[in-house]
1. Of the residues that sit in region 412-441 and are assigned to a loop (DSSP other than H, G, I, E, B) and among the β-branched types (Val, Ile, Thr), which one is surrounded by the fewest Cβ atoms within 10 Å (Cβ to Cβ)?
2. Among Ser494, Ser508, which is among the hydroxyl-bearing types (Ser, Thr, Tyr) and touching a residue at least 60 places away in the same chain (Cβ under 8 Å)?
3. Quick one: in region 192-219, which of the residues that are within 19 Å of the chain's Cα centre (by Cα) and open to solvent by 30 Å² or more (accessible area, probe 1.4 Å) is modelled with the highest pLDDT?
4. Among the residues of region 279-301, is there at least one that is at negative phi, touching a residue at least 40 places away in the same chain (Cβ under 8 Å) and of a type in the set (Gly, Ala, Ser)?
5. For region 48-58, give me the residue count where each residue is touching an Asp or Glu at 6+ places or on another chain (Cβ under 9 Å) and either hydrophobic (A, V, I, L, M, F, W, C) or on the phi > 0 side of the Ramachandran plot (or both).
6. Name the residues in region 442-468 that are outside any loop (DSSP other than H, G, I, E, B), surrounded by 15 or more Cβ atoms within 10 Å (Cβ to Cβ) and not charged (D, E, K, R), would you?
7. I'm told His263 meets every condition in (1) open to solvent by less than 20 Å² (accessible area, probe 1.4 Å); (2) over 23 Å from Phe326 (Cα atoms) except one. Can you identify the failing condition by its number?
8. Where in region 45-160 are there helices (runs of 4 or more DSSP H), lying wholly inside it, with at least 1 residues that are surrounded by fewer than 20 Cβ atoms within 10 Å (Cβ to Cβ) and free of Cβ contacts under 8 Å to residues at least 40 places away in the same chain?
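The values are calculated or read from the model by the stated rules, or taken from the named source; none is laboratory data. Please read these numbers as outputs of a predicted model, since none were measured by experiment. Don't worry about glycine lacking a Cβ; one is built from the backbone with ideal geometry, like all the others, and counts go over all protein chains shown. The accessibility values were calculated without ligands, DNA or RNA, using every heavy atom of the protein model including side chains. Shrake-Rupley method; radii C 1.70, N 1.55, O 1.52, S 1.80 Å.
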Amino acid sequence: MTSFPWYKNYSDAIPHQLGSLEFSSLPELFETACKKFGDRIAFENIGAKITYREVDRLSTNFAAYLQKELGLKKGDRIAIQMPNLLQFPIAMIGSMKAGLIVVNTNPLYTPREMEHQFKDAGISAIVIVSNFAHNLEQIKDKIPAKHIIVTDMGDMLGLVKGAIVNFVVKNIKKLVPAYSLPNAISFKSVLAKGASLQLTKPTIDVEDVAVLQYTGGTTGISKGAQLSHRNIIAHNMMISHWFGPLLNPSEQQIVITALPLYHIFAFSVNGVLMFHKGLRNVLITNPRDIPGFVKEIKKYQFAIITGVNTLFNGLINNPDFASCDFSKLKGAVGGGMAVQDVVAIKWQEITKSPLVEGYGLSETSPVLCCNPLTGNHKRGTIGIPMPSTEVAIFDDEGNQLPQGETGEICARGPQVMKGYWEKDNEGVFFSPDWFRTGDIGLMDTDGYFKIVDRKKDMIKVSGFNVFPNEIENVLAGHPKVLEVAAIGVADPKSGEVIKAFIVKKDQSLTEEELKKFCHENMTNYKVPKYFEFRTELPKTNVGKILRRTLKEEEAKKAV
């Protein structure tokens, strides 16, 4: 690997192996921040605020209940399934204080997807927002969780406002389908009961798993990336160096958190780093409502905003966004998918601050590379490696390639996971410890890395990894489908969208039937945008469907 002066001086900032970490565990990191910043506002959502001191108290109450009332032990897994609400950091920090492993879960998962993840992780408990409890009801007898904690959206908004929000969500907007979970415990009662209990702090080792972050990885079905306390603490130290003086703890700054905290980018950067640095974290529950989002952020002189390209594109195309107050904005960081040049340029024109692209994976806590916010950012690249992180390009045989040549992006550093949860990890690493990202890229003449293509057939929709196998397996379950293939096609808003090619078993099959079937069995972002019916699909001599041929045909149409 070639090193370059502007980051070589960070190469010894954080040890790869055993060495001096800033904290011995994530609970210590959180508790230190709570003591240091006390009465500062830590999180804000829908106008309600909680201080660092309150986060400490409430999360301890939550932890005490899990430990003393539910009997959960260190190493047990607890799923948290909710959008950005004040309840999330309380449950997340509280679970870690009790020594539990947090299993981040997308609340938009279908019952089928939930069942797979919860069984695979072997969860003992789940915290879920009531809007999605009806899905849990369908699988509650198929998963190992014995304890269910249900929260309503307004539970942390105060007595009057919370009651109004819960009434509107349930009765006016009809966003809480009927469900029956007779043994479920309410989030509010957990906090109330936990206040009377005493937490016995477990002994947590830095090598203990802190988070199971589910991802498609580089192959097929969703797997749990094991992120240890060491991984996330080291990652926190790295990005602290990267942000440098932009995050000055002496003057509280505001960060806008639009990405959901169950996403690894928001979890580690917004949920851990920004808390550690004493920022005021504004949680956006529904960033897809761009007019409502803009109306909300107009209230703040925010310093940092993180998101994905589609979010930034939506903001710059909203007529009211330009009238926001950008006087304290230091910059924006895009991850999860490529930041398009046109979006970055327009963002700079409107806000007078940069929008830079970073790169990482769930398996790497997540950040591996990022463009600097101050000078030397290079559009069209994913930037340069984080401190103490090595990134290199390899061929399929595990040989490191020279600068400028294209191959698989591989990385090693203290933020890289220890492996997938209870899976065969053969082929995940090149010897001895180079993690194989599954992405194809190169390092240019300036030392910046660039993603050229994605290995195999992975599709990236608005920052989420989607694998054709899963789409095909679901569609093949439709009684009127004979054969199916799924590929990604370019889309100006989402980066890519999914197109499915179908050979009918029953000629009465319609596109509307397929869409309905998909929405019943998959999260929205996995549902194909386009369907094409064919009499046959291209195959190899042994009958394997050639997705590559389909992609080539679609590429020709776009020319």
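1. Val428
2. Ser494
3. The residue in question is Thr219.
4. Checked region 279-301: no residue is at negative phi, touching a residue at least 40 places away in the same chain (Cβ under 8 Å) and of a type in the set (Gly, Ala, Ser).
5. Count: 1.
6. Leu442, Met443, Phe449, Ile451, Ile459, Val461, Phe464, Asn465, Val466, Pro468
7. (1)
8. Hits in region 45-160: 52-64, 111-121, 133-139.
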